[in-house]
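Data block below; observations after.
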There are 4 protein chains.
Amino acid sequence: MKKQGVKERIIETASDLFYNNGYNQTGINQIIAEAGVAKASMYQHFRSKEDIAVAYLKQRHINWMGSLQDFVSSKKTNKEKVIASFDYLESWLSSVNYRGCGFQNIICDLPQDQHKIKDQVLLHKTDVKKLIDILLHEDSNQEDLANEILVLLEGAIILSQIQKNSWPIKAAKRAAIKLLD
Amino acid sequence: MKKQGVKERIIETASDLFYNNGYNQTGINQIIAEAGVAKASMYQHFRSKEDIAVAYLKQRHINWMGSLQDFVSSKKTNKEKVIASFDYLESWLSSVNYRGCGFQNIICDLPQDQHKIKDQVLLHKTDVKKLIDILLHEDSNQEDLANEILVLLEGAIILSQIQKNSWPIKAAKRAAIKLLD
Amino acid sequence: MKKQGVKERIIETASDLFYNNGYNQTGINQIIAEAGVAKASMYQHFRSKEDIAVAYLKQRHINWMGSLQDFVSSKKTNKEKVIASFDYLESWLSSVNYRGCGFQNIICDLPQDQHKIKDQVLLHKTDVKKLIDILLHEDSNQEDLANEILVLLEGAIILSQIQKNSWPIKAAKRAAIKLLD
Amino acid sequence: MKKQGVKERIIETASDLFYNNGYNQTGINQIIAEAGVAKASMYQHFRSKEDIAVAYLKQRHINWMGSLQDFVSSKKTNKEKVIASFDYLESWLSSVNYRGCGFQNIICDLPQDQHKIKDQVLLHKTDVKKLIDILLHEDSNQEDLANEILVLLEGAIILSQIQKNSWPIKAAKRAAIKLLD
DNA sequence: AATGAATGAGCGTTCATTCAT
DNA sequence: GATGAATGAACGCTCATTCAT
């Protein structure tokens, strides 16, 4: 049971809670209770709740980007990969715990001073942008196109969360296909 | 002195605080202090904090939709109006207190059970969708197109908030123009 | 039982605890438990622990000065009154809960930023100084003399506390008599 | 690198912190962090925080008494030495980190049971008393006089700390001169 | 001799809501 | 219609100390 270390258990527990219940709705006490860790032990590994959130976002970033790249890797051309990223969104939406983008969600209602979290969110979005940029790097005016794809991705995520429906993802995919032609 | 009624003063104060500082970051005490209202008076007008949020969202919906329609009304054709809606986003972004979409923001980190708020957000997004739908109602396959525009609008808002930059709006507008051609 | 209001009960309880057990040793929880008050009720009357300390010191100032003036009032001449103030110290020392000067004590091990408390202590000592000044106001070089008496008073208090003995008070009184001759 | 031993480094660090920031304001973690010592190592040298305080007071006692004796040693007569001890206070007050008497300070807001610390404070004050006693040992009624000088010394220290001014020391010196004549 | 992870208890403070008047 | 006092629960965080290695 206690195979993994305390720190990992805290991050895992906090990740579940932060994503599914929200950052402000998740208290330190809940995290330590579910992780089975003493409060002071937790604060030995993380200086603050904000720092736990940063660890959560870092891990989520790695997982999410990895899943996305795995998903699109089967496609041959870069254009197909870009389009497939919308299929990835749809498969992600179907997962049991879909609550939209963890990075968008945490930034929306954040105390003013939590800059470390905001930086982490920006870093994630920047990496997504880089990925699309690379896939579309061949032509000259592709940066513009990459930005448009990005907007579609973000819009599809937030709108599918609000609407609790996949039509925004389908619409985004259609639009992407048109723009890429 | 007390030109407007108690209820209006509470809504106005709460609106400022909810939008600019965030829903979870805004306490009841802060609202009544800044509104100059006794606590029990506030609870006479609103059963809970959630109800204040609903009132805030209702008013914000009216204001936002009104501003958007004002902005695009000068354009002649419906197509131009749709494109102008992205210019509206950009002018909105330039306003002093831009913090993204109040509806997106409040829904992102919300206690699980606050359905009234979620309903209000959905209602707002549905009305935006209706507006775009109407502007593009002439042709048969326009509902698809309207949905794509919607995704671009939402993506432009959330991404410009995260990036603290207007490039997502510009990209969304470019994409919209291509899709509308 | 509940004749007096909540605020008074908090001050009274906190006064006992702050003086007898020390400011840092006394927790908010202990105060509210012994006062029989809910925590949030306490924070409705006092913004912070520091503010409770200020209220404690203000009341202690009034009581202490009143007792001193009562004690010396029976003496005829001002000189006798000054000397009697040392007798007051000695009678005070004999009281059950003597723990030295509450103002000296609280200032000695205080977080750096608690200026309101420090101000209150200074105010108390300044008022004691004023009292002695007035009693010795007749001659020209009496301010010097008053300051010397003050030093003797303070020294007698702190040293009797450390030594747990009244000899410092007796010594101070002897010295005062010599200086006043 | 590690010129001095672990124990010495702990005492030195704790001394700075205890005197300048206060005993209750100084945490174990801060001490070991600034001393660059592991927590368990610290507890190998000291059974408790109280024991560190005792070591701090012991060293402070030696240093303070030494400085005082150095300062007054240049004076010829014993009477001059006693008077010079007030000049010593004034030079001490001018030092950058003057925060009053470390022994007075630590005793003022102390958990009830920390007897070891209280004993150490008493020991220090007793030694100061001895020093003055010896300097004034010639005549018969000098013990009384020595006690009066002591009261002046203590009063000068505590009052100069509260007032953040040297007038109490000057007043004490004036009084001492009169008493010694 | 030395380590750093782990702990239970407590810190001061704030929350949204209710109640008696 | 309006008030402000009162509340239980929870907040994020720090304390001095101990333990297994």
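With each run of n ≥ 4 DSSP H residues scored as -39500 (n - 2.57), what mean residue ellipticity at 222 nm is computed for the protein assembly as shown after dividing by its residue count and rounding to the nearest 500 deg cm²/dmol?
When only DSSP H runs of four or more count, the value is -24500 deg cm²/dmol.
Which trypsin sites (Lys or Arg not before Pro) does segment C:25-68 hold that lie in a coil by DSSP with at most 15 other beta carbons within 10 Å?
C:Arg47
Accessible area per residue for the protein assembly as shown in Å², computed with a 1.4 Å probe and the full protein assembly in place, what is it?
Counting only protein heavy atoms, the per-residue value for the protein assembly as shown is 47 Å².
How much of D:Thr126 can a 1.4 Å solvent probe reach, expressed as accessible area in Å² and rounded to 10?
Probe radius 1.4 Å; accessible area of D:Thr126 about 50 Å².
Helix C:49-73 versus the longest principal axis of chain C: what angle, 0 to 90°, nearest 10, using Cα atoms?
The helix C:49-73 is inclined about 30 degrees to chain C.
Between C:Leu123 and C:Asp16, what is the spin-label point distance in nm, taking each point 7 Å from the Cα along the Cα→C-beta axis?
2.6 nm
If you average 1/r over all unlike Cα pairs in the protein assembly as shown and invert the result, what Kirkwood radius do you get in angstrom?
Computed over the protein assembly as shown, the radius equals 31.7 Å.
Among B:Gln69, B:Gln104, B:Gln44, which one shows the biggest mean-square fluctuation in a GNM of chain B, springs joining Cα atoms closer than 10 Å?
Result: B:Gln44 has the largest fluctuation of those listed.
Just how much of C:Asp70 is accessible, in Å², when a 1.4 Å probe is used and the result is rounded to the nearest 10?
110 Å²
Around D:Lys164, with a cut-off of 13 angstrom between Cβ atoms, what is the net charge of the other residues, counting Lys and Arg +1 and Asp and Glu -1?
+2
For C:Val72, what accessible area in Å² do you get when you roll a 1.4 Å probe over the heavy atoms of the protein chains, rounding to the nearest 10?
10 Å²
Just add up the charged neighbours of B:Ala55: K/R +1, D/E -1, any other residue whose Cβ is under 14 Å from the Cβ of B:Ala55.
+1
Relative to the longest principal axis of the C-alpha atoms of chain A, give the angle of the C-alpha long axis of helix A:142-163, reported between 0 and 90° and rounded to the nearest 10°.
In chain A, helix A:142-163 runs at an angle near 50 degrees to the longest axis.
Taking chain B as the reference, fit the longest principal axis to its C-alpha atoms, fit the long axis of helix B:115-135 to the helix C-alpha atoms, and give the angle between the two in degrees, 0 to 90, nearest 10.
30 degrees
For segment C:80-113, state which residues have at least 10 Å² less accessible area in the presence of all protein chains than in their chain by itself, taking the probe as 1.4 Å and leaving out ligands, DNA and RNA.
In segment C:80-113, residues shielded by partner chains: C:Arg99, C:Gln104, C:Asn105, C:Ile107, C:Cys108, C:Asp109, C:Leu110, C:Pro111, C:Gln112.
Once you average over the residues of B:12-24, how many Cβ atoms of partner chains fall within 10 Å of each Cβ?
Average per residue, whole number: 2.
State, in square angstrom and to the nearest 100, the accessible area buried between chains D and C, both chains counted, probe radius 1.4 Å.
3600 Å²
What FRET efficiency, computed as 1/(1 + (r/R0)^6) with R0 = 56 Å and r the Cβ-Cβ distance, is obtained for B:Ser91 and D:Ser41, rounded to the nearest 0.05?
For R0 = 56 Å, the calculated efficiency reads 0.30.
Find the Cα radius of gyration of segment A:1-94, compare it with 2.2 N^0.38 Å by division, and give the number to two decimals.
Relative to the rule-of-thumb radius for its length, segment A:1-94 sits at 1.36.
If I model segment A:56-168 as equal point scatterers sitting on the Cα atoms and use the Debye formula, what is log10 I(q)/I(0) at q = 0.09, 0.10, 0.11, 0.20 Å⁻¹?
So the normalised log intensities are -0.24, -0.30, -0.37, -1.19.
Could you please state, rounded to a whole Å, how far the C-alpha centre of segment A:146-167 is from the C-alpha centre of segment A:16-68?
The two parts, judged by their Cα centres, are 26 Å apart.
Excluding A:Ile11 itself, what net charge comes from residues whose Cβ is under 13 Å from its Cβ, given Lys and Arg +1 and Asp and Glu -1?
Charge balance near A:Ile11 sits at 0.
Between D:Ser166 and C:Leu180, what's the calculated FRET efficiency when r is the beta-carbon distance and R0 is 30 Å? Round to 0.05.
0.80
Could you tell me which of D:Pro168, D:Gln120, D:Ile134 has its Cα farthest along the dipole of segment D:110-173 towards the positive end, charges placed at Cβ (Lys, Arg +1; Asp, Glu -1), taken about the Cα centre?
D:Pro168
Based on the Cβ-Cβ distance of D:Ile134 and D:Arg99, what FRET efficiency does E = 1/(1 + (r/R0)^6) give at R0 = 35 Å, to the nearest 0.05?
The value I calculate is 0.80.
With a point put 7 Å past each Cα toward its Cβ, work out how far D:His115 is from D:Glu80 in nm, to one decimal.
The answer from the label model is 4.6 nm.
Do the alpha carbons of any pairs in C:Lys75/C:Lys125; C:Lys173/D:Lys178; B:Lys7/B:Lys49; A:Lys129/B:Lys178; C:Lys75/C:Lys173; C:Lys164/D:Lys58 sit beyond 18 Å of each other, and which pairs?
Too far apart for the 18 Å limit: C:Lys75/C:Lys125; A:Lys129/B:Lys178; C:Lys164/D:Lys58.
Normalised by the residues of segment A:6-180, what does the relative contact order come to in percent, with Cα pairs under 8 Å and at least six apart?
With pairs under 8 Å counted, the relative contact order is 21 percent.
The values are calculated or read from the model by the stated rules, or taken from the named source; none is laboratory data. Just so we're clear, the structure is a prediction, and the values are computed from it rather than from any experiment. Every residue, glycine among them, receives a Cβ derived from its backbone with ideal geometry; neighbour counts consider all protein chains shown. Quick note on the areas: whole protein, heavy atoms, side chains included, nothing else; ligands and nucleic acids left out. Shrake-Rupley method; radii C 1.70, N 1.55, O 1.52, S 1.80 Å.
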